[in-house]
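Only one structure is covered here, and it is reproduced in the block below.
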2 protein chains.
Amino acid sequence: MSRATTLEQVAERAGVSRQTVSNALNAPEKLRPETLERVRQVIDELGYRPDTRARGLRTRSSGLLGYCVAQRQDGSVNVFMDRFLRALTTEVERTGRHLLLFTAPEGEAGLSVYDDLLARSAVDGFVLSDTRPGDPRHAWLRDKGVPFASFGRVWSDEPQPGPWVDVDGASGTAQAVEHLVAQGHTSIGFLGLPEGNPVGDDRAAGWRRACAEHGIEAGERMLARSADEHRDRGEAAGRLLDSEPRPTALVAANDAIALGAYEALEARGVRPGLDVALTGFDDSPTAAVVRPGLTSLHQPIDRIAERVVRLLDRPEGEPGELLRPELIVRASSSSGNDDGGQS
Amino acid sequence: MSRATTLEQVAERAGVSRQTVSNALNAPEKLRPETLERVRQVIDELGYRPDTRARGLRTRSSGLLGYCVAQRQDGSVNVFMDRFLRALTTEVERTGRHLLLFTAPEGEAGLSVYDDLLARSAVDGFVLSDTRPGDPRHAWLRDKGVPFASFGRVWSDEPQPGPWVDVDGASGTAQAVEHLVAQGHTSIGFLGLPEGNPVGDDRAAGWRRACAEHGIEAGERMLARSADEHRDRGEAAGRLLDSEPRPTALVAANDAIALGAYEALEARGVRPGLDVALTGFDDSPTAAVVRPGLTSLHQPIDRIAERVVRLLDRPEGEPGELLRPELIVRASSSSGNDDGGQS
DNA sequence: CTGTTAGCGCTTTCAT
DNA sequence: ATGAAAGCGCTAACAG
């Protein structure tokens, strides 16, 4: 691993001063075209690239954005987060930086990890995700004046600290309801997340609102919460299916719960998509693979990544941004219309 | 965002020279216990952390390992890779470094990205994954003397360049066959990956070997390759099921194909787990969710991450390491034994 | 438009 | 055991 080329070597070879080479890179308009050309040629010849550490030391930057990968205690995976990370990596690169991955405990305890990274000047800022109610990171970073942007809101009483991007869950479930109404359904139940989950509440609100607009009942009687979204086996769906009158359609707060509902349906001899319509949320890979294909709401991942990075760099504009998910219709909600593929 | 504490500030406050503070951090045994204690106290007081850029500039290191996230052209996700990335992040942190994420085109074209990172001294080395036949990265990095380790082999004619860790696919499918034989099966088909895929060939070899040991037929007649693993809808499985005599068990090269086979089975009124046994490979989240639960081979992710980082730092030992996957038995291969949960 | 000087914060080398 | 000097590779600020 030979030593990398330095600015000085380029300067000598091109017969100019170090500073001129530096300018060729950072302020080319300051050079006479012919000098610029010559310097550039030597740079190419030598394959010179400025050392990020030296440059960072001088400019007080690192060219790195920190991103904390959540350690899921239950060993479950969030496929959606994987796709987001890929999109984010691409987007950060587009702005000439890179992503630095790290882990941290949840809540207050994790702040020291953020503090450490900052104290060492290892990162220029953070992209936050996996936000939780009462998440302390946002306010803490804001108070420190650290650049950051969040995918997901904090959902506390105070206004959201700092720039954020989120998916409009209510709009999503409302779309699902509209779609089901268009199929002729007039009795639409909701399979919710455990009580107090703000994402779940948001998604339930959209269902409630859209139902109200169509004069469809959307009271507690039509809503069943899953006790544990990751291991849902359709108990909640079962409760709704065993109630009278049985709803003809179910909107689930996410794909995991919708998938659990398949079981409850099958156990009762009810065919998803034919006898009872079903929609999910997240458009997980499983949604396209399962039979019948699960209609689900696709989150605009690339756009989220793009917006979050932009907001991190230019926080002065909108405080936040709500993106609409897109309904991907498959056979679980409209037999004969299954596209069978992935979104 | 106030300026971070420097070594000099600590030195002044502690009444020692800069060098002494540096030693307190990097060579504490060189200090008199009382001095060390005093310096440490000031460090804590001020929350001092050495600047990674300055230190790196001096020590010719960056404290970062590069990891390329594959951009899947077909938009598919590899859940397994997501879990590996989490494990890797944790493992790299354990050694006091961090992971730097980047993207690069496949093949030769991507090498310039690696080169760029190296020229800028942005990383100290690389962890490679998503290896492909003829992958040029390994030999290229080895020739440059860059530290690296690979999860996955290159599968070319020459010996594998550089340290690697991989999962023993043949051992996995052999385990599956043993399990099926123990259930009384004597006619076991194999659902393979497209021709020429070395991972698929490896997994097929284990099936063939284990079948041979039990005097079970494992010729081409019992093997059906999937044309496209991501969109498999069970055509290959269908061919095997329609042949005479119909196999009573199927070993699939991965979960996606096994999941496709569910359809082929159901289309023929054959119940997976009851009429025909089925096993997958990868132990994807879907395997635990689908009904009946899919028996599958779990890859030891944490161990892979641990070994790959160790080999990167100490490449002198074994050239490579083959890890055994673990068979997770669910109802698809032994009705009544479904644990229903995730691994 | 180009060159010189200074210094970012740290560790290495060499004195003491 | 502690300190002083030098310099890693770069860019900001100024001089010419």
Next item on the list: Please name whichever of B:N197, B:W140, A:T6 sits farthest to the positive end of the charge dipole of the protein assembly as shown, dipole taken about the Cα centre and charges placed at Cβ: Lys and Arg +1, Asp and Glu -1.
Entry: A:T6
Notebook entry, point to check: How much FRET efficiency would the formula 1/(1 + (r/R0)^6) give for B:E316 and B:E37, where r is the Cβ-Cβ distance and R0 is 41 Å, rounded to 0.05?
Noted result: 0.60
Note to self: With a 1.4 Å probe and all protein chains left in place, how much accessible area per residue does the stretch A:7-50 have, in Å²?
What the structure shows: 65 Å²
Next item on the list: Would you mind finding the longest exposed-site-free stretch of chain A, with exposed GluC sites (Glu not before Pro) meaning DSSP loop and at most 12 other Cβ atoms within 10 Å?
Entry: A:1-194
Notebook entry, point to check: Between A:D44 and B:Q183, how many nm apart are label points set 7 Å from Cα along the C-beta direction?
Noted result: 6.3 nm
Check: For the stretch A:85-134, which trypsin sites (Lys or Arg not before Pro) are in a loop by DSSP, counting at most 14 other Cβ atoms within 10 Å?
Finding: none
Check: Percent of accessible area on the protein assembly as shown owned by carbon and sulfur, 1.4 Å probe?
Finding: 47 percent
Check: Which value, in square angstrom to the nearest 100, describes the accessible area buried between chains A and B on both sides, using a 1.4 angstrom probe?
Finding: 5300 Å²
Notebook entry, point to check: How far apart, in nm, are two points set 7 Å out from the Cα along the Cα-to-Cβ line at A:E266 and at B:A227?
Noted result: 2.7 nm
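Give me the accessible area per residue for the stretch B:169-300, probe 1.4 Å, as a whole number in Å².
On a per-residue basis, 35 Å².
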Next item on the list: Take the alpha carbon gyration tensor of the stretch B:169-300, find the square roots of its eigenvalues, order them as a ≥ b ≥ c, and report rounded if a/c is under 1.5; if not, report prolate when a/b exceeds b/c, else oblate.
Entry: rounded
Next item on the list: Using R₀ = 22 Å, calculate the FRET efficiency as 1/(1 + (r/R₀)^6) where r is the Cβ-Cβ separation of A:D201 and A:R132; round to 0.05.
Entry: 0.95
Check: What do you reckon, how do B:D275, B:D157, A:D124, A:D82 stack up by accessible area (1.4 Å probe), largest on top?
Finding: B:D157, B:D275, A:D124, A:D82
Notebook entry, point to check: Based solely on its DSSP helices, what 222 nm [θ] is calculated for the protein assembly as shown when runs of n ≥ 4 H residues each add -39,500 (n - 2.57) and the sum is averaged over all residues, nearest 500 deg cm²/dmol?
Noted result: -12500 deg cm²/dmol
Note to self: For a quick check: with amide H placed at 1.01 Å from N, whose amide H comes under 5 Å from B:I328's, ignoring anything fewer than 5 positions away on the same chain?
What the structure shows: B:S296, B:L297, B:H298
Next item on the list: Select from B:T248, B:A149, B:F281 the residue farthest towards the positive end of the dipole of chain B; place +1 on Cβ of Lys and Arg, -1 on Cβ of Asp and Glu, and compute about the Cα centre.
Entry: B:A149
Item checked: Computed E for B:D157/B:R209 - FRET, C-beta separation, R0 25 angstrom, nearest 0.05 -> 0.65
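Loop-only check: which trypsin sites (Lys or Arg not before Pro) in the stretch B:267-333 are DSSP coil with at most 13 other Cβ within 10 angstrom?
On the way: sites: B:R268, B:R303, B:R307, B:R310, B:R330; in loops: B:R268, B:R330.
For trypsin sites (Lys or Arg not before Pro) across the stretch B:267-333 that sit outside H, G, I, E and B with at most 13 neighbouring Cβ atoms in 10 Å, the list is empty.
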Next item on the list: Please work out the Cα center distance from the stretch B:260-318 to the stretch A:189-233, rounded to the nearest Å.
Entry: 33 Å
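The values are calculated or read from the model by the stated rules, or taken from the named source; none is laboratory data. Just so we're clear, the structure is a prediction, and the values are computed from it rather than from any experiment. Here the Cβ is made from the backbone with ideal geometry for all residues, glycine too, and neighbour counts use every protein chain on show. To get the accessible areas, we keep the full protein, side chains included, count just its heavy atoms, and leave off ligands, DNA and RNA. Shrake-Rupley method; radii C 1.70, N 1.55, O 1.52, S 1.80 Å.
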